[in-house]
Amino acid sequence: MTKRGAFICLEGLDGSGKTTQAKMLAEKLKDGYNAVYTAEPSRGKIGTFIRKHCLYGKKRLSSIVEALLFAADRMEHVETEILPALQQGRIVISDRYLYSSIAYQGAAGLSIEWIEKINEHALKPDLAVFIDVDPKVAMRRLKPNKSVMENLETQQKVREIYLKFVEKGILVRVNGNQPKNAVARELYIVVKKFLDTFH
Ligand code: TYD
């Protein structure tokens, strides 16, 4: 069997602290593992287009077009960054992945089955974690320059969808309503337990 690393994704609301946690986790894992941090929307052509035209643009594209763009960006991210790193035996920590599309585009009214269908070629993560915070707390943490996704009603719907995937055992919940270092400790315990039994 070829040597393969592990693919971990972190999910959460805007303002949940997941970017800070993903970066801290990748740093901590560097002690003993060859870990790398990455994020979606990606830094590639499609990710750059999304930031400009979907998240901060004045005129929004339809939810269907947005979902297709996120799926296309994800495939490019998998092909150019995630898979090559895994093939080198690295631990990839992705700040957002497939479940962001399910939760956010699902909250925008699209069917979860269809979102899963257009993402069927995207590699399944080996571990997917949801950093759960109270949407009101998450909203208070956001900068005034909010993206179009960042309003309380959307955030509440997004959280409900994430929690359904926690119930199904697809996402592992970490309590994000704690001080930063306590969240980091809880997250590290979940990840370490997974890595110790993975290979
Ligand atoms: P975010 O993690 O906030 O990126 P940054 O901090 O760099 O701006 O993600 C940007 C937004 O994109 C966030 O509101 C969630 C949204 N999003 C989707 O709606 N669908 C997706 O598939 C992804 C990856 C993100």
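The values are calculated or read from the model by the stated rules, or taken from the named source; none is laboratory data. Everything numeric here is computed off the predicted structure, so don't read it as measured data. Don't worry about glycine lacking a Cβ; one is built from the backbone with ideal geometry, like all the others, and counts go over all protein chains shown. To get the accessible areas, we keep the full protein, side chains included, count just its heavy atoms, and leave off ligands, DNA and RNA. Shrake-Rupley method; radii C 1.70, N 1.55, O 1.52, S 1.80 Å.
For the reader, a short list of remarks on this structure follows.
- Computed over the chain, relative contact order equals 32 percent, with contacts defined as Cα pairs under 8 Å that lie 6+ residues apart.
- Counting only protein heavy atoms and a 1.4 Å probe, the range 95-197 has 53 square angstrom of accessible area per residue.
- Protection proxy ranking of 134-140, 178-184, 70-76, 13-19 - average other beta-carbon atoms within 10 Å, highest first: 13-19, 70-76, 134-140, 178-184
- Distribution of pairwise C-alpha distances over the range 55-113, 5 Å bins, in %: 4, 16, 23, 21, 15, 11, 7, 3, 0
- Among 106, 89, 47, residue whose mean-square fluctuation peaks in a GNM of the chain (springs only between Cα atoms under 10 Å): 89
- Stokes-Einstein translational diffusion, the range 141-199 - Kirkwood Rh over all Cα pairs, 0.692 mPa s, 37 °C, in µm²/s: 238
- Hits among lysines - C-alpha to C-alpha of residue 192 under 27 Å, sequence gap 8 or more where chains match: 3, 18, 23, 28, 30, 124, 164, 168, 180
- Net charge dipole, the chain: roughly 580 debye, given to the nearest 20, about the Cα centre with Cβ charges of +1 for Lys and Arg and -1 for Asp and Glu.
- Counting only whole DSSP H helices of the chain, there are none at least 30 Å long by C-alpha along their axis and with mean Kyte-Doolittle hydropathy no lower than 1.0.
- Placing one equal scatterer on every Cα of the range 18-100 and applying the Debye formula, the log10 ratio I(q)/I(0) at q = 0.11, 0.15, 0.23 Å⁻¹ is -0.33, -0.58, -1.08.
- Taken over the alpha carbons of the range 6-197 as equal point scatterers, the Debye sum produces base-10 log I(q)/I(0) values at 0.10 Å⁻¹ of -0.38.
- Accessible area of residue 120 in the full protein assembly, 1.4 Å probe (Å², nearest 10): 100
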